[in-house]
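Written below as C-alpha cells is the structure these notes are about.
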Amino acid sequence: MKKDWLAKSHESLYEQGSQTTNYLTSTVLACIGITGLILTWYNNEFITRWTRFSTAFQNWQNQTERTIAKTTILMDAETDFRKVYRQLYKSNPLVTNDDLVSAGFPKRHTGGG
C-alpha cells in the first residue's frame, strides 16, 4: 500500500501548503510550462482557497477563534492540494524531483519496491 504524501494534521498541512505556495512563484510556474487555463485556475481558484484555509488556520490557532468550521476548510485544502499535484506536477515532464521536493510534494516513484 502506498503512503499518502499529503499531510493530515492542520499544522502539517499548513506547513506543506506554505512551502508549496512559496515555491510556486510566477517564474517557477513559467519554467515548468504552466500557462493558460491551468495557470488561471491556480491563480484564481487555488490561491483564493489556500488563502481561506491559511486565514482559518491562523484564526484557529487563537484560542478565542476555534469555533470556525475547520473540518470543512481542511477537507477543501486537501482536495485542492491533490488537484495542484495532479494538474501542475504529476505528468509534467518539465518538473524535476527537485521541483517536487521544493514544493512539498513527494518525488516520483521510479519503480522497484
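The values are calculated or read from the model by the stated rules, or taken from the named source; none is laboratory data. Being a predicted model, the structure only gives us computed values, none of them experimental. Positions of Cβ are backbone-derived with ideal geometry, glycine not excepted, and every protein chain shown enters the neighbour counts. When the accessible area is computed, the model is the full protein with side chains, heavy atoms only, and any ligands, DNA or RNA have been set aside. Shrake-Rupley method; radii C 1.70, N 1.55, O 1.52, S 1.80 Å.
Quick notes
- Packing rank of 44-53, 78-87, 28-37, where each peptide gets the mean count of other beta carbons within 10 Å, highest leading: 78-87, 44-53, 28-37
- Neighbour net charge for Glu45 - beta-carbon separation under 14 angstrom, K R +1, D E -1: +3
- Among Leu6, Gly17, Leu29 - extreme Cα towards positive end, dipole of the chain, charges at beta-carbon: Leu6
- Pairs of lysine residues in the chain - Cα separation under 21 Å, sequence separation of 8 or more or cross-chain: 13
- Calculated [222 nm] ellipticity per residue, helices only, for the chain: -16500 deg cm²/dmol; basis is -39500 (n - 2.57) per DSSP H run with n ≥ 4, divided by all residues, nearest 500.
- Additional length obtainable on full extension of the chain from Ser91 to Arg108, 0.36 nm per residue less Cα span: 5.1 nm
- Of the two radii for the chain, the radius of gyration is 1.00 times the Kirkwood radius, both from the alpha carbons; that is the Rg over Rh value.
- Length gained on full extension, Ile47 to Ser9: 11.7 nm, using 0.36 nm per residue less the C-alpha separation.
- Candidate membrane-span-like segments in the chain, meaning DSSP H helices with Cα atoms spread over at least 27 Å of their own axis and a Kyte-Doolittle mean of -0.5 or above, do not occur, with no membrane implied either way.
- Ligands, DNA and RNA are left out, and with a 1.4 angstrom probe the accessible area of region 1-53 is 62 Å² per residue.
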